[in-house]
Amino acid sequence: MLDAFSRAVVAADAKTGTLSSGEISALRSFVSEGNKRLDAVNAIASNASCIVSDAIAGMICENQGLIQAGGNCYPNRRMAACLRDGEIVLRYVTYALLAGDASVLDDRCLNGLKETYAALGVPTTSTVRAVQIMKASSLAHINDTNTEANGGKKFRKMGAIQGDCSALTAEAASYFDRVIAALS
């Protein structure tokens, strides 16, 4: 697994040189945005079970056949496996977001995932839809866009550092897109 620092060092070593001023500037920016990155990871991790269960429920609402006899979320053990896999994918997305590098996601989660699902008969279209819902929910948590009107009595504001999170949101979205591309 590489993080932003390891990746920069490996790249400089491969070209047998030192870090350029642009690479050092990128690392400086990575450090200065560190609290936002930690807040984003915390927002996803703190809400992981809700994000995953809502995504699986949304996927099932769109395809009721999944919970019928013979469906891929029937019986309960298959539903539990679906929830478990969703949490694993989300966990590796947060690892990638924390490290600022997708190698951990690629190596430990996505490598062979499509082939495994094909061998098990898991419908990738449903899986992709669940990941799309997790992506939308996670990005909303990163941007802290929940309002009291939407949350009602259970409203909880994460209290993330204020400021522009568009680059971090785009980075997180790219990790979800990697998962979607790996499954498609």
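The values are calculated or read from the model by the stated rules, or taken from the named source; none is laboratory data. On a predicted model such as this, the values are computed, not experimentally measured, just so you know. For neighbour counting, all protein chains shown are included, and Cβ atoms are generated from backbone atoms with ideal geometry for every residue, glycine included.
Quick one: which helices (runs of 4 or more DSSP H) sit completely within segment 1-50 and have at least 3 residues that are among the hydrophobic types (A, V, I, L, M, F, W, C) and modelled with pLDDT of 85 or more?
Details: elements: 4-14, 21-32, 34-46.
Where helices (runs of 4 or more DSSP H) fall fully within segment 1-50 and carry at least 3 residues being among the hydrophobic types (A, V, I, L, M, F, W, C) and modelled with pLDDT of 85 or more, they are 4-14, 34-46.
Which of the helices (runs of 4 or more DSSP H) contained wholly in segment 97-184 include at least 1 residues that are modelled with pLDDT of 90 or more?
Qualifying helices (runs of 4 or more DSSP H): 113-120, 124-143, 166-183.
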Discussion item. When you check residue 60 against the structure, is it free of Cβ contacts under 8 Å to residues at least 24 places away in the same chain and either in contact with a helix residue (DSSP H, G or I) (Cβ under 7 Å, 6 or more places away or on another chain) or more than 28 Å from residue 4 (Cβ to Cβ) (or both), yes or no?
Written reply: yes
Discussion item. Please count how many residues of segment 1-29 are polar (S, T, N, Q) and either in contact with a helix residue (DSSP H, G or I) (Cβ under 9 Å, 6 or more places away or on another chain) or under 21 Å from residue 103 (Cα atoms) (or both).
Written reply: 4
Discussion item. Just to be sure I understand the filter: pairs with C-beta atoms under 7 Å, separated by 6 or more residues or on different chains, first member in segment 99-116 and on the phi < 0 side of the Ramachandran plot, second member in a helix (DSSP H, G or I) and basic (Lys, Arg). Which pairs pass?
Written reply: 101/7; 102/178; 105/178; 110/178
Worksheet item: Is there any pair linking a residue in segment 132-160 that is under 17 Å from residue 97 (Cβ atoms) to one that is of a type outside the set (Asp, Glu) and modelled with pLDDT under 70, with Cβ under 8 Å and at least six apart or on different chains, and which?
Response: 140/146; 141/158; 142/160; 144/157; 144/158; 144/159; 144/160; 158/146
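Within segment 30-47, is there a residue that is without any contact (Cβ under 8 Å) to a residue 24 or more places away in the chain, surrounded by 14 or more Cβ atoms within 10 Å (Cβ to Cβ) and in contact with a helix residue (DSSP H, G or I) (Cβ under 6 Å, 6 or more places away or on another chain)? Even if it seems obvious, please write down each step before you answer.
Step one: filter segment 30-47 for residues without any contact (Cβ under 8 Å) to a residue 24 or more places away in the chain, giving 31-32, 34.
Within this subset, residues satisfying the condition of being surrounded by 14 or more Cβ atoms within 10 Å (Cβ to Cβ) are none.
No, segment 30-47 has no match at all.
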Worksheet item: For residue 67, are the conditions met, namely being modelled with pLDDT under 95 and closer than 30 Å to residue 7 by Cα?
Response: no
Response to the item:
Pairing a residue in segment 67-81 that is under 15 Å from residue 57 (Cβ atoms) with any residue that is among the β-branched types (Val, Ile, Thr) and not in a helix (DSSP H, G or I), where Cβ atoms lie under 8 Å and the two sit 6 or more apart in sequence or on different chains, gives 72/122
Response to the item:
Per the list (1) within 14 Å of the chain's Cα centre (by Cα); (2) surrounded by fewer than 17 Cβ atoms within 10 Å (Cβ to Cβ), residue check on residue 14 breaks on (1)
Fill in: Selection from segment 73-96 of residues that are surrounded by fewer than 18 Cβ atoms within 10 Å (Cβ to Cβ) and not in a helix (DSSP H, G or I)
74, 75
